[in-house]
Amino acid sequence: MDIAIHPIVLRVMDTLEKAGYRAFLVGGSIRDLLLNRQPKDWDVATDALPSTVRTLFERTVPTGEKYGTVTVIGEIPVEVTTFRQDGRYLDRRRPETVEFSSSIEEDLMRRDFTINALASTKDGHVVDCVGGLKDLEEHIIRSVGDPGERFREDALRMLRAHRLVAELGGGFRVEPRTLGAIADNAHLILHVSWERIRDELVRILMSDNPGVIRDLYHSRILGYILPEVAECYGFQQASRHHDKDVFEHTVVALESSPKKLRVRLAALLHDVGKPKTFTIGRDGEGHFYGHAEKSTEIAGEVLRRLRFDSQTVSSVCTLVREHMTRHARMGIKGLKRLVARVGKDLVDDLFDLQRADVKASGHPDDLSGVERLRAGVEKVLASGEPLTVKDLAVNGDDLIEWGMKEGKEVGRVLKAMLDRVLTEPSLNTREGLRSIYEEIRRGK
């Protein structure tokens with residue numbers, strides 16, 4: 001086959017072969033090339049031992065030498081792994097032992113899915129001992145060997161199957177036997193670290209097909225990693241404003257969002273509080289009073305469980321909390337307070353989330369509320385008036401110089417100053433803020 005292997009990778013393979021060893025391009029890199037996609041990573045398999053690989057190349061890093069992997073450092077990194085057979089997976093992540101092999105076929109048989117169990121020589125001869133080429137042609141995700149055994153070895157493979165569907169697109173699907181094994185073994189995902197789950201979930205959310213979240217529900221994985229989202233499935237909204245249940249509304253909002261991680265996370269979690277806040281009015285209309293606040297609380301719990309960094313947690317929770325503000329009729333002061341709460345760097349993300357929310361509603365073309373809010377905020381931003389604590393003419397160091405002790409009280413006083421300045425921008429001078437400071441200190 002005519003496969004466009006990167007010249008640096010070809011050079012690595014050529015070096016191994018000139019030293020008397022075999023070398024194959026393997027895994028996702030050969031899969032992507034056969035799909036005319038640009039590989040994100042380059043992996044080479046060889047019968048050379050890791051210690052030998054290190055001697056053959058000037059710059060290497062032992063990224064997983066216990067498991068046979070050495071990364072060759074150059075213009076692009078190339079992972080070189082010795083052919084191996086895996087022992088038992090006692091921790092459901094990595095084999096307890098590995099046995100190096102001289103057979104590329106044995107190496108391919110230990111891999112997760114058939115489309116990842118392909119190898120190619122540098123001249124394009126493809127080795128396929130598991131039917132990977134046929135599955136690639138038919139756009140099928142199929143486990144190598146017994147799917148239950150593969151998932152019991154490493155439960156993250158269940159989530160990875162769905163991630164491959166999301167990233168590869170083009171009608172790729174998990175074949176029935178593999179899908180059934182995911183449902184049967186879904187509970188094992190709780191043996192996987194939240195960091196690994198998070199990374200796979202992020203790749204699904206940031207793909208061109210984030211609606212694969214639906215598949216996660218049907219294969220039972222979602223109920224274990226995001227039970228708060230799974231609870232929304234089939235939850236009818238009984239509202240003239242919505243023509244979908246909470247789950248489907250959530251997924252369509254996700255699909256309508258731009259590829260920004262914090263926006264997509266917010267779209268996924270913006271309505272998770274609805275099942276907890278549902279009431280029926282006298283007119284039979286469904287209501288979710290306070291759902292934005294409840295969703296914010298739940299979103300924080302979910303994101304912390306998934307080990308997201310504090311900045312991401314804060315940003316996403318802000319977006320979730322404010323996603324309903326398009327319904328508010330705000331004057332200039334209200335708009336200023338909104339920008340102060342959200343932050344200048346997050347307001348565009350808020351509008352992206354609100355547009356996605358509307359597009360997933362029963363009136364997908366009515367963006368008037370979002371556009372009205374956006375126009376108001378743009379007018380406020382164009383005024384150049386102070387809108388955040390950072391815009392104040394003084395900072396925490398000034399307050400300490402004036403006699404305050406370091407601590408949370410400094411932040412509270414700065415926020416109180418901002419509250420006054422939002423109404424009276426002329427007070428945003430060192431003298432004006434000193435007078436506000438003195439008033440606060442006197443308890444006025």
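So here's what we get for this one:
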read-out	value
Helix 291-305 axis, angle to the chain major axis (alpha carbon atoms, nearest 10°)	40 degrees
Contour excess over end-to-end distance, with Cα ends at Asp14 and His327 and 0.36 nm allotted per residue	106.3 nm
Selected from Leu265, Ala299, Tyr224, residue furthest toward positive end of dipole (the chain; charges at beta carbon)	Ala299
Gain in span if fully extended, Asp146 to Lys379, counting 0.36 nm per residue against the direct Cα distance	77.8 nm
R0 of 30 Å, Cβ-Cβ distance Leu49-Trp194: FRET efficiency to nearest 0.05	0.30
Amide H contacts of Gly27 (H built 1.01 Å from N, under 5 Å, at least 5 apart or other chain)	Leu118
Overall dimensions of the chain as given by Cα atoms, namely Rg and Dmax in Å	27.6, 85
Segment Ile280-Gln311, length gained on full extension (0.36 nm per residue, minus Cα span)	7.5 nm
Spacing of the two label points (7 Å from each Cα toward its C-beta) at Arg372 and His287, in nm	2.1 nm
Distance cut-off 18 Å, percentage of C-alpha pairs in the stretch 189-331 lying past it	56 percent
13 Å beta-carbon shell around Tyr217, net charge (K/R +1, D/E -1)	-3
Coarse-grained scattering of the stretch 8-144 at q = 0.17, 0.21 Å⁻¹, given as base-10 log I(q)/I(0) from a Debye sum over alpha-carbon atoms	-0.91, -1.33
Local electrostatic count at Thr69 - Lys and Arg +1, Asp and Glu -1, tallied over other residues with Cβ under 11 Å	-1
Interatomic Cα distance distribution for the stretch 304-426, bins of 5 angstrom, percent	2, 10, 18, 17, 17, 15, 10, 6, 3, 1, 1, 0
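Read the figures in this text as sums done on the coordinates, not as results from a lab. Fair warning: this is a prediction, and the values are worked out from it, not measured in the lab. Counting neighbours? That spans all protein chains shown, and the Cβs are built from the backbone with ideal geometry, glycine included.
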